[in-house]
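Asker: Below is the structure I would like to discuss, written out as structure tokens.
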Amino acid sequence: MDGIVGIYGPGDGELVTKAFLATGACQHRGKASTGLAVANKRGVYVHRGLGRIAEVIDPTIIRLFQALGPSAAIANIGYTKRKVAEKVNTEPIEVFPRSKSDLKVVATMDGYLIKEDDLKGELEEDYSFQTENKTEVVGALLHKYMTQEGISFEAGSRLLDRLNGRATFALVALVKEKDKEYLVALNDPKAFEPFCYAKIDGTFVISSESCSHRRLNGFTEREYDGAEMTICSPNGIEIRRLKEEPMMPDIFQGVYFGNVGSVFRGKEIFQLRRELGLELVDYYKGSGADIVIPNPESGWGVSVGLAEGLGKRLYPALIKLPQAVRTFQEGERSTRSQEVGLKFGGIDSLLRDKSIAMGDDSIVRGSVSEGGSIWVVYNAGAKYIEFWISYGPMFFPSFKEWHRGRECLEELAVQRAFKGDNPYDKSHEEINRGVARMIGVDKVRYNLLERIRKVAGEGSFQALDGSYPISEEFWPGWLKEEVERFHKYRS
């Protein structure tokens, strides 16, 4: 999950600064790398590096790029795509055709492509690949179809057809054709990845999240529907929906990953999370807790709803320490456990001898129990913990993890809680008790799928029910077996 931005504003004397600010607003979407590209009459210029945006894009780069007089810019905040971050795989990425071309394409993408080897094999005769990044493959396909169809909606339709059922993406690209610069944007038919746009003081701004528009003192005009393409050119800005299919936005991005101030399918993310907390209270009714605390940072929204619904005080008694490192994308459980232990500090005076209702967005692998936040709360003197979870029991891994094999299934908390058994035939309360025993709390209180759907709307709940945005022909065999077992017991 990256954060991407595209800006089109010929004559805007602050275009590069705006790109910097809009991209920085999405810093929560990736902290491994940063990249910025601008286009002007002479060409396309790219600057990339490892690290957060302020570590890569300094004031000198902003001044130099603005002095080029750009009409458009794209930028990326990169999530870790490999175990070791490498500069060569950072974005935006320039496409290199093997023969002379009138088109130059530089692209960045938030999304994922399943099993790209066949596509790369087909393209290698005509393109020289410089990276192991899937975005380069998608960018090469875009270049190919624009070479054949022109910078047009027809080229976008061909890209959608070629990636049908095997990719989710929100993509922005700079396209240079002789003395003309274009900004092009396109997303997958299911609108799985968040994507929105606004016009702010005459400049067109596309972003992964609406927090970018607020950072520029503007408001999001609209979230993109599926298969929508934007072409910004000297002739104006055109937006067209190329396919009409049922959309499947990734609900987990609203529940966990998005900025609390962003809008997700029409609803502010903070309010979405607060309402999930209220739904939990409505289902479970009471609580044995004295106070409510959030598991920071993404546990704040649900905890506000819990405190409101339960009529109990909300305290920031568990804090994220300054030396905290991001652990969600760490693959080794032992490493995650050590790092989680460095993330939190507990306030003894608020926790000692108290019964605690702790709110969190989800339980993915259960690493919070292994030297993490739960241990910190008990160590501060808490005598009882209820762990209230805004999302439901996660039976299945994200499709972005399939390349790791069955390991990405077996490491999930629900699967580990019933290792050697079957979690799919267990009742909601049995799952609550099993996971509570495993992570070491007195009670777990998961949300229910129907209540999450009520708050967040329709979409992909891939981890809860196997509703993947990827066609089954691209599923690994072990996953097909597991989803079949799930539906056998739950139908």
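Asker: Suppose R0 equals 25 Å. What FRET efficiency, 1/(1 + (r/R0)^6) with r the Cβ-Cβ distance, do I61 and H403 give to the nearest 0.05?
Answerer: 0.15
Asker: Run the helix sum for the chain: -39,500 (n - 2.57) per DSSP H stretch of 4+ residues, divided by residue count, reported at 222 nm to the nearest 500 deg cm²/dmol.
Answerer: My calculation for the chain gives -8500 deg cm²/dmol from helical runs alone.
Asker: Angle check, please: helix 153-162 long axis (alpha carbons) against the longest principal axis of the chain (alpha carbons), in degrees 0 to 90, nearest 10.
Answerer: The angle comes out near 50 degrees.
Asker: In addition: Highest mean first, how do 97-110, 173-186 rank when packing is the count of other Cβ atoms within 10 Å averaged over residues?
Answerer: Top to bottom by mean Cβ count within 10 Å: 173-186, 97-110.
Asker: Something else now. Rank-order 261-269, 291-299 by packing density, defined as the average count of other C-beta atoms within 10 Å over each peptide's residues, highest first.
Answerer: 291-299, 261-269
Asker: How much net charge surrounds L280 when only the other residues with a Cβ under 9 Å from the Cβ of L280 are counted, with Lys and Arg +1 and Asp and Glu -1?
Answerer: Local charge sum for L280: 0.
Asker: Under 24 Å between alpha carbons, and skipping anything fewer than 8 positions from K383 in its own chain: which lysines qualify?
Answerer: K285, K312, K320, K343, K354, K443
Asker: If you project the alpha carbons of the chain onto their three principal axes, what span does each projection cover, largest first, in Å?
Answerer: Computed over the Cα atoms, the extents are 70, 47, 37 Å.
Asker: Roughly how big is the chain's charge dipole about its Cα centre, with Cβ charges of +1 (Lys, Arg) and -1 (Asp, Glu), in debye to the nearest 20?
Answerer: 980 debye
Asker: Counting Lys +1, Arg +1, Asp -1, Glu -1, what net charge surrounds I151 among other residues with beta carbon under 9 Å of its beta carbon?
Answerer: -1
Asker: Shifting gears a bit: Over segment 229-308, with a single point scatterer placed on each C-alpha, what log10 of the ratio I(q)/I(0) does the Debye formula yield at q = 0.12, 0.13, 0.17, 0.25 1/Å?
Answerer: -0.51, -0.56, -0.76, -1.14
Asker: For all pairs of alpha-carbon atoms in segment 3-247, what percent lies in each bin of width 5 Å, listed from the first bin to the last filled one?
Answerer: 1, 7, 15, 20, 22, 18, 11, 4, 1, 0
No lab work stands behind these numbers, since they all come straight from the coordinates. Keep in mind that this is a model prediction, so the values were computed, not measured. Methodologically, a virtual Cβ is constructed for each residue, glycine included, from the backbone with ideal geometry; neighbour enumeration extends over all protein chains shown.
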